[in-house]
Each structure stands twice: as C-alpha cells, then as structure tokens.
Amino acid sequence: MIEYLEKNRIKFVYTPLIIYWLILLIATSIPGNDMPDIHMNDKFEHFLGYGLLTILINFSLLVQSKNKLLKTKAYLASIIIVSIYGALDELHQIFVPGRDCDFYDWITDFSAACFGIVMVYSLVKFVRIKVRNS
C-alpha cells in the first residue's frame, strides 16, 4: 500500500491534502454567524476535521522521499504539525467575527491527531501483515 502511494503520491496523497487543508482553512475563516448549522457538536466537528487532516499529513510524510528523518518520525511529526496548526487556527479565530479561541477545541484537535495516528499506524500494520501472509 505504501509503495503504491509512493508511486502515485501527487494524485492520491498530496492533492487531497492540499485541497482538504484549504477547505479547512476557509471553513475556519467564515464568520460564526454565516456558518450553516449542521446540528453537530463543535468538538465532534473538530475531531473529524483534525483527525482527517492528521491522516492526510501522515500519509504525505510516509510517502515523501526528500527527508529521511520526517519519514522515519512521520507519526510524531504529524501530531506536532497538526497540534501547531490547531493552535494557530484557534488564535486566528480571535480575529474572525462570531468566533473565539477555545483551549478545549485545541485539546480536541490534539486528541484527534493522536487518534488519526493510531488509525494510520493500524492500517499500515494490518496491510503489511496481510501482504506478508499472502
């Protein structure tokens, strides 16, 4: 699986990451009063949003070939990147009308990053075991 993604990284890893991250940035820049009400808990939205961001970032670090340290420490690097981005996004929301900076949103972002890493690690391990046993 990782080998396939390495060969097709632009189409299946980098492009989805860039598009998703732009959508996330735009969504968090929309004033609070203009946001559609989707009847979902705010923390659940953060968990889904940042969990998916972590998965995409993690795969991008796993398939890149320019920095060996980032590749070998992709799981930790992904958590750090998403945590820093989550903190910056919360600070950014101070300046967006109808939004505020919430420490608990950042904690949720960090928790989602950790969960996303567990998901990727489990998937990669599962696929490697399946390939080895085939």
Tell me the angle of helix 74-92 to the major Cα principal axis of the chain, expressed in degrees between 0 and 90 and rounded to the nearest ten. 10
So the angle from the long Cα axis of helix 42-63 to the longest Cα principal axis of the chain, reported in degrees to the nearest 10, equals 30
Quick one: if you stick a label point 7 Å off each Cα along the C-beta vector at Val131 and Lys71, how many nm between them? 1.3
Compute the separation of the alpha-carbon centres of the range 1-33 and the range 49-83 and state it in Å as a whole number. 12
Students often get this wrong: which residues of the range 53-93 have the backbone nitrogen under 11 Å from the point 7 angstrom along Cα-to-C-beta of Tyr14? 64-66
In a Gaussian network model over the chain where Cα atoms closer than 10 Å are linked, find which of Thr108, Thr54, Thr28 has the largest mean-square fluctuation. Thr28
Nearest 500 deg cm²/dmol is fine: what mean residue ellipticity at 222 nm does the chain get from its DSSP H runs of n ≥ 4 alone, each adding -39,500 (n - 2.57), divided by its residue count? -24500 deg cm²/dmol
Near Leu5, within a Cβ-to-Cβ distance under 14 Å, what is the net charge of the other residues, with Lys and Arg +1 and Asp and Glu -1? +3
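Only the coordinates and a few stated rules stand behind these numbers; no lab work does. This is a predicted model, so every value here is computed, not measured. All Cβ positions, even for glycine, are placed from backbone atoms using ideal geometry, and neighbour counts span all protein chains on display.
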